[in-house]
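Written out below as structure tokens is the structure these notes cover.
The values are calculated or read from the model by the stated rules, or taken from the named source; none is laboratory data. Since we're looking at a predicted model, the values are computed, not measured. Methodologically, a virtual Cβ is constructed for each residue, glycine included, from the backbone with ideal geometry; neighbour enumeration extends over all protein chains shown. What goes into the accessible areas is simple: the full protein's heavy atoms, side chains included, and nothing from ligands, DNA or RNA. Shrake-Rupley method; radii C 1.70, N 1.55, O 1.52, S 1.80 Å.
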Amino acid sequence: MTTSYRDEIRPRTRARRGSGSVRERAPGVWEIRVVVGFDPAHGHSVQRSFTVHGDEAWAQRRRCELVEDYGIDRVGSSDIPGLNVAEVLTRFMAGPHLWKPATYASHRHVVEDLIADAMAQRPLLTLTQCTVRAAIVRWQACGLSVATVSARWLVLRSAISWAVTEGLLRSNPLVGVRGPPRPRPRLHHTLEEVHRMLSVAEADVARLSAALEADPASLRWRRLLFSAEQTRLLVRVAADSGARRGELAVLRHGDVDGRVLTIQRGVSHGVIGSTKTGRSRRLTLGATTATLIESHWTSWAERGPTPDDDWLFAPTPARVTFLTADAMSHKFRRLGVAAGVERPALHRLRHAVATHLVGNGQLLQAQARLGHRDPTTTLRHYSHAVALHDEDLADNLDQLLDNRP
């Protein structure tokens, strides 16, 4: 009794392991077909045809053995007739996710662009690595930025992975696809730029303090002085802690215990919740920064009235609510322009902290201070700041090249 085989592609979109068929081609010659794969480009199952010589009982036993050895459990996406990429993206956005509000808003914007793209009308069964690579090349050729192309790829990949998890697909056609390059982190502010901004902020505080002393009853000078002190404090705390905008916005005075700052919440799209990683962290502030926080809080508490809340950054001394992340960014941008800093951005102070620490070989300290889940994230974003320690190696190679016979 012998067995031979050949592969065929059959136009079947629904096949299960155990669906191997047996039929007699000639007396004592049996053909067994077993589904061994799936062609997502055409929506067809791939079958392997085995020829068995013997009686029917032997053929049935061989069918079970061949299904066990070669068969797969594969249900095609025809379970949802006509499902295309746009419908998957729509279902993806409607599904339950543990996203921050800002993440949802960002994904929604990207999904809207993807649905408007020609690729969105492609049936899911015909989505292959080649079609996605072609779309990425087309987006790049249209002049879309690296950040935009990368965002489209990441959201598309997430949506297809979600479809597999939800059972809309039994396999991921994008496995192995190499995505476009990711945007590099924004350049950090140099120490010289930070010094210039602090100098301007301190000069503003000194000027407005003198104006308020000359006219203590002026509500205008009081309002402007509070805003100037808040700006100075913002630069100092951001450049010291490396905290995110959303974390800085909802800091409370009670989060500071001496020189220890606890970061345990963040604001995302106006909604207060946990930090980006869902974890709180504690870090030590510089002595000058800690003193500045306490003196700012005490001086305005003494001026009265008693604050309604303990937000560290607030629009008014009453501290009824916190200063929004966008308002903080505007404050910082105005200060940077006044200090002659090119493209000032509050988030660049976070990059400055990371770059300094990684450049000094303090990778784990940078990871802990920035609040990254693991050090690989820190290294991936700030590997350009890693100091070189291969001078001895370079000198040895240089000597080998010079020592010619």
Response to the item:
For the chain, the percent of accessible surface on carbon and sulfur atoms (probe 1.4 angstrom, ligands and nucleic acids excluded) is 53
Discussion item. I want to verify a result. In a Gaussian network model of the chain, Cα cutoff 10 Å, which of these has the top mean-square fluctuation: His253, His296, His97?
Written reply: His97
Practice prompt. Only bridges with both residues in the chain count here: give the DSSP antiparallel percent, nearest 5.
Written response: 100
Response to the item:
In the chain, taking the dipole from +1 charges on Lys and Arg beta carbons and -1 charges on Asp and Glu beta carbons about the Cα centre, the listed residue (Trp297, Asn403, Ile115) farthest towards the positive end is Ile115
Practice prompt. Net charge near Lys276: determine it from the other residues with C-beta under 10 Å of the C-beta of Lys276, scoring Lys and Arg +1 and Asp and Glu -1.
Written response: +3
Discussion item. Let me check I've understood the local charge: for Ser209, count other residues with C-beta under 11 angstrom from its C-beta, Lys and Arg +1, Asp and Glu -1. What total comes out?
Written reply: -2
Worksheet item: Of the residues Val358, Val175, Val132, which exhibits the maximal mean-square fluctuation in a Gaussian network model of the chain defined by a 10 Å Cα contact cut-off?
Response: Val175
Fill in: Estimated [θ] at 222 nm from DSSP helical runs (n ≥ 4, -39500 (n - 2.57)) normalised by residues in the chain, nearest 500
-15500 deg cm²/dmol
Practice prompt. Work out the length of the dipole vector of region 211-366 about its Cα centre, built from +1 on the beta-carbon of each Lys and Arg and -1 on the beta-carbon of each Asp and Glu, and round it to the nearest 20 debye.
Written response: 580
Worksheet item: Given His195, Pro180, Thr165, which one lies farthest toward the positive end of the charge dipole of region 146-226, if we put +1 on the Cβ of every Lys and Arg and -1 on the Cβ of every Asp and Glu?
Response: Thr165
Worksheet item: Once you mark the GluC sites (Glu not before Pro) that are in a DSSP loop and have at most 12 other Cβ atoms within 10 Å, what is the longest gap between them in the chain?
Response: 167-341
Worksheet, complete the sentence: Shape call for region 105-163, from the Cα gyration tensor axes a ≥ b ≥ c (a/c under 1.5 means rounded, otherwise prolate when a/b beats b/c, else oblate), comes out oblate
Response to the item:
Whole-Hz Karplus couplings 3J(HN,Hα) for region 282-291, θ = phi - 60° and coefficients 6.51, -1.76, 1.60, Gly and Pro as x, run 10, 9, 9, 8, x, 4, 5, 5, 4, 5
Worksheet item: How much net charge surrounds Leu144 when only the other residues with a Cβ under 12 Å from the Cβ of Leu144 are counted, with Lys and Arg +1 and Asp and Glu -1?
Response: 0
Worksheet item: Charges only on Cβ, +1 for Lys and Arg, -1 for Asp and Glu: so what's the dipole of the chain about the Cα centre, in debye to the nearest 20?
Response: 1020
Worksheet item: How would Arg373, Arg178 rank on accessible area, largest to smallest, probe 1.4 Å?
Response: Arg178, Arg373
